[in-house]
């Protein structure tokens, strides 16, 4: 099985690229989805988050208020590190388990989407690393379309390696501006080289 990591800056097209790899038969898991599952009611990580951050990051129904949590952790690096210490080991454990399942199922190509791939020192797990990237202007436009303020965008960007660093460390780069057809063609060109 070929195992690839897919990374890139926030709002740079990782999910779209993952969908194209999936259309070509790749087994795909997105660590953002794993993170969402880990903070569902009843999960141990959720209890740890409550112990660490208190009720101010929870909705009245007891579910995690992700917007409130983001407001706390992206303004305070120490708080962000505490959250990462709760979630990142669990996220890694989950995707590594998924990779082992795929190995037993004889999946020929597996792609793990990890926004913080280099930041979490996961690069040695992969045979090839693919970086989805776009210009800062396109990134800001996409994040603004999500309803994020300039301050929220800047806070998220400050919490990640600059995309230029990710590009320099990746084996392949997908430039995600332009039409989706061009994005899909780039994925198709990469596949034989993986």
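Below is a table of values for the structure above.
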{"quantity": "Residues of region 22-38 satisfying the condition of being crowded, with 19+ Cβ neighbours inside 10 Å and part of a loop (DSSP other than H, G, I, E, B)", "calculated": "26"}
{"quantity": "Some residue of region 125-132 being surrounded by fewer than 17 Cβ atoms within 10 Å (Cβ to Cβ) and free of Cβ contacts under 8 Å to residues at least 60 places away in the same chain", "calculated": "no"}
{"quantity": "Condition check for residue 120: without any contact (Cβ under 8 Å) to a residue 12 or more places away in the chain and either under 14 Å from residue 7 (Cβ atoms) or surrounded by 14 or more Cβ atoms within 10 Å (Cβ to Cβ) (or both)", "calculated": "no"}
{"quantity": "Check on residue 17, assigned to a helix (DSSP H, G or I), touching a strand residue (DSSP E or B) at 6+ places or on another chain (Cβ under 6 Å) and surrounded by 15 or more Cβ atoms within 10 Å (Cβ to Cβ)", "calculated": "yes"}
{"quantity": "Complete set of residues in region 76-113 that are within 17 Å of residue 157 (Cβ to Cβ) and touching a helix residue (DSSP H, G or I) at 6+ places or on another chain (Cβ under 6 Å)", "calculated": "80"}
{"quantity": "Residue, surrounded by the most Cβ atoms within 10 Å (Cβ to Cβ), within region 55-75, restricted to residues that are touching a residue at least 60 places away in the same chain (Cβ under 8 Å) and not in a helix (DSSP H, G or I)", "calculated": "74"}
{"quantity": "Some residue of region 133-142 being at pLDDT 95 or above, within 15 Å of the chain's Cα centre (by Cα) and under 30 Å from residue 102 (Cα atoms)", "calculated": "yes"}
{"quantity": "Helices (runs of 4 or more DSSP H) lying entirely in region 76-173 (those with 3 or more residues that are touching a strand residue (DSSP E or B) at 6+ places or on another chain (Cβ under 7 Å) and under 16 Å from residue 14 (Cβ atoms))", "calculated": "163-169"}
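The values are calculated or read from the model by the stated rules, or taken from the named source; none is laboratory data. Note that the structure is a prediction, hence the values are computed from the model and not measured. Methodologically, a virtual Cβ is constructed for each residue, glycine included, from the backbone with ideal geometry; neighbour enumeration extends over all protein chains shown.
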